[in-house]
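Engineer: I'd like to ask you about the structure that follows.
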Amino acid sequence: MKEFEVKTKIYFGENSLKRLSEIKANKVFIAADPFVISSGLIDYISKPLDDADIKYIIFSDIVPDPPIEKIIGGVAKALDYKADYIIAVGGGSAMDTAKSIRKFSNQIASDYMPKLVCIPTTSGTGSEVTSFAVITEGDRKIPLLSEDMTPDEAILDEVLVKSVPANITADTGMDTLTHAIEAYVSTNNNEFSGALAEKAVEICGQFLLRSYNDSEDSHARRKVHIASCLAGLAFNSASLGLNHGMAHQLGAQFHIAHGRANAILLPYIIEYNSEIDIFSKSKAVYNSSVRKYCNMARILGVNNLNEVTTIRALVSFIQFMMTEMNMPQKISDLGTISEGEYMAKLDIMAEAALKDSCTATNPKVPTKEDVIEIYKKIW
């Protein structure tokens with residue numbers, strides 16, 4: 001027996017931040033990344049709270065790939081303040097931090113479980129509707145999965161993503177596309193998660209480049225923001241795959257932005273899972289992921305003569321999108337990592353990728369040698 005449930009109530013569209021003035025709270029703990037403070041975006045959060053005479057404190061000691069030490073600091077402040085709500089404002093790191101703070105606070109004080117509201121300021125992670133979080137301990141990324149980490153509410157207001165720089169729009173947009181495609185071919189995929197993934201891919205195909213090219217295109221920004229949430233709902237049900245298992249290690253070892261790491265890997269993971277590359281010829285039987293990848297290609301409008309040419313077209317489309325958005329397509333293109341430094345980490349990264357919880361639902365069971373070979377290809 002399978003089940004599908006959406007536990008997060010979602011507010012979206014113009015003026016959706018008004019919801020903050022309606023929450024039943026005396027005190028609120030805001031976890032906001034530093035950019036939200038420095039850019040003035042925090043005013044969009046504080047004003048409705050002030051209008052409703054709701055008291056709040058702001059915790060902004062948040063960094064990418066949040067380390068456990070930062071989480072511990074947040075837990076101490078949260079337990080001291082004992083707010084009725086925790087509100088996360090920012091990208092994936094802010095939401096992962098807030099989820100972890102609530103989870104660990106409850107483990108310390110079992111009678112304390114505040115409501116959690118997530119308000120994303122980027123369109124990529126989908127974390128506002130998932131039970132996942134990723135934190136860092138040393139040079140290891142640790143994926144956390146627990147039903148009580150699922151936010152109670154999510155607020156999607158495009159006013160918060162208008163100021164996102166083009167390069168971040170590209171990284172997070174490709175993160176959305178990767179989430180949707182990985183959830184679609186996951187061994188845990190189902191009809192409900194599949195429908196959400198399909199819609200997310202359709203929106204990305206139509207609106208991601210528009211959003212990248214014009215930050216003032218409110219319609220495109222709203223659509224991609226919603227696509228990110230749809231993809232989050234999809235992978236919250238179906239999980240992900242090797243793409244994320246490997247991307248987590250690139251982030252942990254070399255601090256490569258998560259969406260960028262996913263995008264670099266995606267063409268090679270599609271080729272690996274489908275067993276179709278530029279040298280492939282047509283055959284009578286293909287593995288089950290080929291049909292799903294071909295359906296993704298059809299949704300994006302790049303389906304071709306047969307399975308082989310369609311998979312190639314899908315890979316080419318992804319690479320075209322990355323080129324149009326000035327994204328690096330190889331690790332070496334980043335210009336921040338030496339070849340020797342990178343190759344020295346292959347064994348460690350491969351071992352960790354195989355142990356990553358996301359890898360468990362990949363449609364093809366990888367070996368260590370497989371993973372190392374893909375890491376070499378993306379250099």
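The values are calculated or read from the model by the stated rules, or taken from the named source; none is laboratory data. Just so it is clear, the model here is predicted, and its values are computed rather than measured. When we count neighbours, we look across all protein chains shown, and the Cβ atoms used for this are built from the backbone with ideal geometry, even at glycine. These accessible areas exclude ligands, DNA and RNA; they are computed on the full protein's heavy atoms, side chains included. Shrake-Rupley method; radii C 1.70, N 1.55, O 1.52, S 1.80 Å.
Engineer: Among the residues of the stretch 237-259, how many are in contact with a Leu (Cβ under 9 Å, 6 or more places away or on another chain), within 14 Å of residue 141 (Cβ to Cβ) and open to solvent by 10 Å² or more (accessible area, probe 1.4 Å)?
Structural biologist: Counting residues in the stretch 237-259 that are in contact with a Leu (Cβ under 9 Å, 6 or more places away or on another chain), within 14 Å of residue 141 (Cβ to Cβ) and open to solvent by 10 Å² or more (accessible area, probe 1.4 Å) gives 3.
Engineer: Right, something else. Could you grab me the full set of residues in the stretch 1-54 that are touching a Cys at 6+ places or on another chain (Cβ under 9 Å) and open to solvent by less than 20 Å² (accessible area, probe 1.4 Å)?
Structural biologist: 8
Engineer: Now for a separate question. Kindly evaluate residue 237 against the criterion of being within 11 Å of the chain's Cα centre (by Cα) and within 18 Å of residue 133 (Cβ to Cβ).
Structural biologist: When the stated conditions are applied, residue 237 does not pass them.
Engineer: Something else now. Could you run through the stretch 141-181 and say how many residues are in a helix (DSSP H, G or I), open to solvent by 20 Å² or more (accessible area, probe 1.4 Å) and not hydrophobic (A, V, I, L, M, F, W, C)?
Structural biologist: So the count comes out to 4.
Engineer: Can you work out which of the residues in the stretch 196-206 that are under 18 Å from the mean Cα position of the chain (by Cα) and of a type outside the set (Val, Ile, Thr) is most open to solvent (accessible area, probe 1.4 Å)?
Structural biologist: Residue satisfying both the conditions and the ranking: 199.
Engineer: Here is a follow-up. Do we have residue 364 as surrounded by fewer than 21 Cβ atoms within 10 Å (Cβ to Cβ), of a type in the set (Lys, Arg), at pLDDT 95 or above and outside any loop (DSSP other than H, G, I, E, B) here?
Structural biologist: Here the answer is no, as residue 364 does not meet what is asked.
Engineer: Also, I was wondering about something else. Take residue 99 and decide whether it is surrounded by fewer than 24 Cβ atoms within 10 Å (Cβ to Cβ) and touching a residue at least 12 places away in the same chain (Cβ under 8 Å).
Structural biologist: No.
Engineer: For the stretch 284-315, which positions are among the hydroxyl-bearing types (Ser, Thr, Tyr) and in a helix (DSSP H, G or I)?
Structural biologist: 288, 289, 293, 309, 310
Engineer: Restricting the stretch 304-340 to residues that are more than 27 Å from residue 289 (Cα to Cα) and free of Cβ contacts under 8 Å to residues at least 40 places away in the same chain, which is nearest to the chain's Cα centre (by Cα)?
Structural biologist: Applying the filter and picking the extreme gives 333.
Engineer: Give the residues of the stretch 67-80 that are open to solvent by 40 Å² or more (accessible area, probe 1.4 Å) and in contact (Cβ under 8 Å) with a residue 40 or more places away in the chain, sorted by residue number.
Structural biologist: 68, 77
Engineer: Looking only at the stretch 341-361, count how many residues are among the basic types (Lys, Arg), in contact (Cβ under 8 Å) with a residue 24 or more places away in the chain and exposed (fewer than 14 other Cβ atoms within 10 Å of the Cβ).
Structural biologist: 0
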